[in-house]
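Visitor: Before we start, here is the structure in question, set down as structure tokens.
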Amino acid sequence: MRLYRAMAAVLAASFAAVGLLFLFFPGGVLAFFNSLSAALGFREAPLTGFQFYLVLASGYMYLVALLAGLMFRHPENETYSRLLVHGKLATALLSLGFFVFHQPFLIYLANFLVDGLIGLGVWALIRGQRRSTR
């Protein structure tokens with residue numbers, strides 16, 4: 001239970017921090033990935049029209065931060081962690097789909113990898129939590 005709660009606290013803080021980055025520096029996130037894109041052989045993502053992305057990304061990061069916080073406060077309740085797994089794997093698969101079918105932007109690939117690893121990591125925590133409570 002100690003590892004589960006510690007990781008939930010780290011996730012909650014991380015999601016909240018990233019949500020604040022999206023909220024206060026939306027162009028900066030895209031600009032950062034664009035600064036890496038050319039060196040890695042990717043096209044730059046357009047920086048225009050990101051206001052809607054700001055709304056969605058900030059709201060989503062609020063939600064995942066809340067879920068991770070609830071995981072920390074209520075480690076016996078799998079509902080919060082299951083919802084977090086679904087949210088992270090959904091954005092990972094959407095990012096992969098956009099990478100393959102829209103444009104091979106680095107930010108799509110990076111989000112696929114990061115959210116996919118978070119989703120699978122939380123899923124592993126759920127399984128570990130079940131074993132430790134038996």
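Values quoted throughout were computed directly from the atomic coordinates according to the rules given, and no laboratory measurement underlies them. Here the structure is a predicted model, which means the values were calculated and not measured. Here Cβ is always computed from backbone atoms with ideal geometry, including for glycine, and neighbour counts include all displayed protein chains.
Visitor: Cut-off is 10 Å between beta-carbons; in what order do Leu84, Leu11, Leu56, Leu89 appear when sorted fewest neighbours first? List each step's numbers first, then the result.
Guide: Details: Leu84 28, Leu11 24, Leu56 10, Leu89 17.
Least crowded to most crowded, the residues run Leu56, Leu89, Leu11, Leu84.
Visitor: While we're looking at this one, here's another question. Convex hull over the Cα atoms of the stretch 1-55, averaged projected area in nm²? Working shown, then result.
Guide: On the way: hull surface 20.3 nm².
Averaged projected hull area, Cα only: 5.1 nm².
Visitor: Compute the projected area of the convex hull of the Cα atoms of the chain, averaged over all viewing directions, and report it in nm² to one decimal place.
Guide: Mean projected area of the Cα convex hull: 8.2 nm².
Visitor: So what is the calculated 222 nm ellipticity per residue for the chain, using -39500 (n - 2.57) for each DSSP H run with n of 4 or more, over all residues, to the nearest 500 deg cm²/dmol? Kindly include the intermediate steps, with their values, before the conclusion.
Guide: On the way: 5 runs with 109 residues, N = 134.
After summing the helix terms and dividing by residue count, I get -28500 deg cm²/dmol.
Visitor: What nm value, rounded to one decimal, do you get for the distance between Leu120 and Tyr53 when each label is placed 7 Å out toward the C-beta?
Guide: It is 2.6 nm.
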